[in-house]
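The values are calculated or read from the model by the stated rules, or taken from the named source; none is laboratory data. Quick caveat: nothing in here was measured; it's all calculated off a predicted structure. All Cβ positions, even for glycine, are placed from backbone atoms using ideal geometry, and neighbour counts span all protein chains on display. In case anyone asks, the SASA skips ligands and DNA or RNA and just uses the protein heavy atoms, side chains included. Shrake-Rupley method; radii C 1.70, N 1.55, O 1.52, S 1.80 Å.
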Amino acid sequence: MNSYCTYALHQIEVAVVSIVAIIDKLDEADLLVKPTEDKHSVGELLKHIAVICRADFHILQGAAQEEMSAYYAGVSIHNLKDIQAELLSNYSYLEQAFREMTEEELHQEMTSYWGVTYSRYEWLLEILGHVYHHRGQLHAMLVHCNGKDPKVPLFE
């Protein structure tokens, strides 16, 4: 595998492992916390985080909007353990998919259903940013809105 992919995947794994550790510190009731009325609850955010790796991979493979809607509709996550399992499974899926890509495939440009075009490698970097963005959002929601600091290291 391309060494840059190895490094990027490692950083995604760091984020995933820390999110799993944060989830270990939560109670099911924490999923219902909604710090801002018109925004997602902690549970909704965690469900989104859990599918990022696989969903964004489908997007970088050229999935249409209808396909993505069907993918999201088929996801069944009900509790903290489901979230952890989905997150870990989807990271593993992403890692394996990138391990199997050739240099040519990594450089191939792919266009999302909303019109953004990046190489597959750039899409991997987008996934990295996406996971870290929402992990920071989750941490801030828990600490500043729920008064619950999970005391989990966010970086190595």
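Of the accessible area of the chain, with the probe set at 1.4 angstrom, what percent is carbon plus sulfur? Carbon-and-sulfur percentage of accessible area, whole number: 52.
Residue-wise HN-Hα couplings along the stretch 105-120, as the Karplus relation 6.51 cos²θ - 1.76 cosθ + 1.60 with θ = phi - 60° gives them from phi, are 5, 5, 8, 5, 7, 10, 10, 6, 5, 9, x, 7, 10, 9, 5, 4 Hz; Gly and Pro carry x. When both the stretch 1-53 and the stretch 68-107 are represented by their alpha-carbon centers, they are found 13 Å apart.
Of the residues Tyr7, Leu128, Leu45, the one whose Cα sits farthest towards the positive end of the charge dipole of the chain is Leu45 (charges of +1 on Lys and Arg Cβ, -1 on Asp and Glu Cβ, taken about the Cα centre).
Evaluate the charge dipole of the chain about its Cα centre and quote only its size in Debye, nearest 20, assuming +1 on the Cβ of each Lys and Arg and -1 on the Cβ of each Asp and Glu. Before the final figure, lay out each step's value.
On the way: 11 positive and 23 negative charges, 97 e Å.
It comes to approximately 460 debye.
Between amide H atoms placed 1.01 Å from N, distances below 5 Å from Met110 occur with Tyr118, Ser119, Arg120, all of them 5 or more places distant or on a separate chain. Here the contact order of the stretch 22-156, divided by its residue count and restricted to Cα pairs under 8 Å and six or more residues apart, works out to 30 percent. The count of lysine pairs in the chain that are at least 8 places apart or cross chains, and whose C-alpha atoms lie under 18 Å apart, stands at 9. Along each principal axis, taking the top coordinate minus the bottom one, the Cα set of the chain gives 47, 36, 23 Å in descending order. Remark: the Asp27-Glu104 segment gains 23.2 nm on full extension, using 0.36 nm per residue and subtracting the alpha carbon distance. Ignoring ligands, DNA and RNA, what accessible area per residue does the chain give at 1.4 Å, in Å²? Per residue, the chain has an accessible area of 54 Å². The mean of 1/r over all distinct Cα pairs in the stretch 74-129, once inverted, gives the Kirkwood hydrodynamic radius of 13.0 Å.
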